[in-house]
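Data first, discussion second: the structure below is written as structure tokens.
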Amino acid sequence: MGNSDQSGNASGGGNSSGGDPSTRIFTEGEKVLAYHGPRIYEAKVQKTEVRKKEWKYFVHYLGWNKNWDEWVAADRLLKHTEENIMKQETLEKKQGIDKNPKSGRLIQYKLKNAADAKVEREDFKSLATKGKKRKSDAVAESENAILEKFVKIQIPLTLKKQLVDDWEFVTQQDKLVKLPRSPTVDNILTSYLDYKSKKDVMIIDSIGEVLKGLRCYFDKALPAMLLYKKERQQYKEAVAPTESPSTIYGAEHLLRLFVKLPELLAQVNIEEETLTRLQQKLVDFLKFLQKNQNTFFISAYEGSKVSDGKSKRKDDKD
């Protein structure tokens, strides 16, 4: 499943304030529709209680592992009406999601191709825009909340050394990672999914959704914050507008994402319990990277065109 932020008002139930403790919009046992990221899922309200003077609802997403159960506010929920079901179906058609008519589960955990990734990048843009709007409403309060929500992702020592070597190659030695990489970020994510599914097929849905989120964050974050200045020209030459960076770049740049993830995830509205489970999954993925470090990472970078040009001019002078 995606990031826990919704992209619209909970029409037919959630567009009431939800902040009045005397107004409980949904009841225990009620079947509802729930926003999770930019999509709408069928869910069931299992518990209700007032938290911080606002009704909160503990929901289970039907057909999904109970690990995804979470507390949400009223603005994340919709009444289970024909009108809202049509809204859900329209959203799914727009995003190209297939449904299994028997279970209602989304058959969507396999990593997507470049065309599908473009949709997810648009979803990410939408989430980022909403994050900025929420922050402008109460800047000081939001910033304090963000600091409290920072996810601590412990990067293994050998991978920290990898990051240092990566920085030195690019910024001090004027060397770059040769593109396209093999394995790519897509290849690595798929390998991890296969690795985890062999251990426990029951967790494939939840792991697959986390990996889709990682890919979405990587494709969006790479040109914005994961490149050193000396790599930008290479990016322009290597990645066409119709291509996803995750099909071009590899483990070196994927690892950089984990340095930025705490900051990025703090901008998204995710319940604390869900955030804790996500943190555990991310740490486990880093252990997988560490275990396959010799396979996924290159040991030597190549000279950049900038440095080659400087050397050539120096030779000409000599």
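The values are calculated or read from the model by the stated rules, or taken from the named source; none is laboratory data. Remember, it's a predicted structure, so these values are computed and weren't measured experimentally. We place every Cβ from the backbone using ideal geometry, glycine too, and count neighbours over all the protein chains shown. Each accessible area value is taken on the protein alone, full model and side chains, heavy atoms only, with ligands, DNA and RNA left out. Shrake-Rupley method; radii C 1.70, N 1.55, O 1.52, S 1.80 Å.
Please go through the residue pairs K198/K229; K44/K260; K52/K87; K66/K93; K212/K291 and name each one whose alpha carbons sit more than 29 Å apart in this structure. Let's see the in-between values first.
Details: K198/K229 40 Å; K44/K260 34 Å; K52/K87 31 Å; K66/K93 26 Å; K212/K291 21 Å.
Pairs exceeding the cut-off: K198/K229; K44/K260; K52/K87.
Given R0 = 30 Å, the distance between the Cβ atoms of K178 and K66 translates into a calculated FRET efficiency of 0.10.
For R277, the solvent-accessible surface computed with a 1.4 Å probe is close to 50 Å², ligands and nucleic acids excluded. The convex hull built on the alpha-carbon positions of region 205-273 has an orientation-averaged projected area of 5.6 nm².
Which residues does a label at T158 reach in region 268-308, if reach means a backbone N under 12 Å from a point 7 Å past the Cα toward the Cβ? 287-297, by backbone N distance to the label point.
For region 182-306, take the alpha-carbon Rg, divide it by the Kirkwood Rh, and send me Rg/Rh.
Numbers: Rg = 15.3 Å, Rh = 15.6 Å.
Result: Rg/Rh = 0.98.
Pair-distance distribution of region 40-87: all C-alpha pairs, bin width 5 Å, starting at 0; shares per bin in whole percent are 5, 21, 28, 22, 17, 6, 1. For F169, the solvent-accessible surface with a 1.4 Å probe is about 40 Å², rounded to the nearest 10.
Per the Kirkwood treatment, what hydrodynamic radius in Å, one decimal, follows for region 184-241 from the mean inverse distance over all distinct Cα pairs?
Numbers: mean 1/r = 0.0767 Å⁻¹.
Evaluated over region 184-241, this radius sits at 13.0 Å.
Would you please classify the overall shape of region 239-283 from the alpha carbon gyration tensor, given that a ≥ b ≥ c denote the square roots of the eigenvalues, rounded means a/c under 1.5, and beyond that prolate means a/b larger than b/c while oblate covers the rest? Prolate. Structural size metrics of region 158-198, computed from C-alpha coordinates, are Rg and Dmax of 13.8, 42 Å.
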